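Every number in this text was worked out from the coordinates using simple rules, so none of it is lab data. Remember, predicted model here, so these are calculated numbers, not experimental data. Neighbour counts are summed over all protein chains in view; Cβ atoms, including those assigned to glycine, are modelled from backbone coordinates with ideal geometry.
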Amino acid sequence: MQKIASLALLLAGAIHLIPLIGVLGSEHLARLYGVAPSDPNTLILLRHRAVLFGIVGGLCLMAAFKPGYQWLGLLVGAVSTLSFLLLAWLTGGFNAHLQHVVVADGLALVCLMAGAGALTWSGRGATSG
């Protein structure tokens, strides 16, 4: 079961690292999201978003190899994916590029839920660490 949790965190971490390329600038952001930031403020916000996804992805990857951090990685990853999915659902009208992000986040959430289920099933529980 421990291997399932680790695999789930590796997959979710990899998905969260994809947007990190956006930190390199507007061309990369346009390829990721189908939108080109039209002003410096939006560019700064989207590049910062890329950094934050790098942090979440890095935490998930670290947690895959450090059992004491697995619940933290699963929780942070789930909050990240759930918040995006909820915002996308509530807002609607997003483009095809963001539809790919919705699918990727849905996959990441399934992985994270499987990892949480595996840890729970193995008896580690939320208090183990």
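Which FRET efficiency, nearest 0.05, do residue 91 and residue 62 yield, Cβ-Cβ r, R0 25 Å? The computed FRET efficiency comes out at 0.20. From least to most packed, judged by other beta carbons within 10 angstrom and beginning with the fewest, 86, 107, 46 follow the order 86, 107, 46.
When each of 42, 81 is scored by the number of other beta-carbon atoms lying within 10 Å, the sequence from fewest to most is 42, 81. Across 44, 55, 18, mean-square fluctuation computed from a Gaussian network of the chain (C-alpha pairs under 10 Å connected) peaks at 44.
Full extension of the segment from residue 102 to residue 24, taken as 0.36 nm per residue of separation minus the current Cα-Cα distance, would add 25.9 nm.
Averaging the Cα positions of each part gives two centres, and for the stretch 77-99 and the stretch 1-40 these lie 14 Å apart. Please find, in a Gaussian network model of the chain (springs between Cα atoms separated by less than 10 Å), the residue of 38, 83, 26 whose mean-square fluctuation is greatest. Of 38, 83, 26, the most mobile in the Gaussian network model is 38. The modelled label-to-label distance between residue 83 and residue 38, using points 7 Å beyond Cα along the C-beta direction, is 2.7 nm. Estimated from the Cβ-Cβ distance and a Förster radius of 30 angstrom, the FRET efficiency linking residue 52 and residue 7 is about 0.80.
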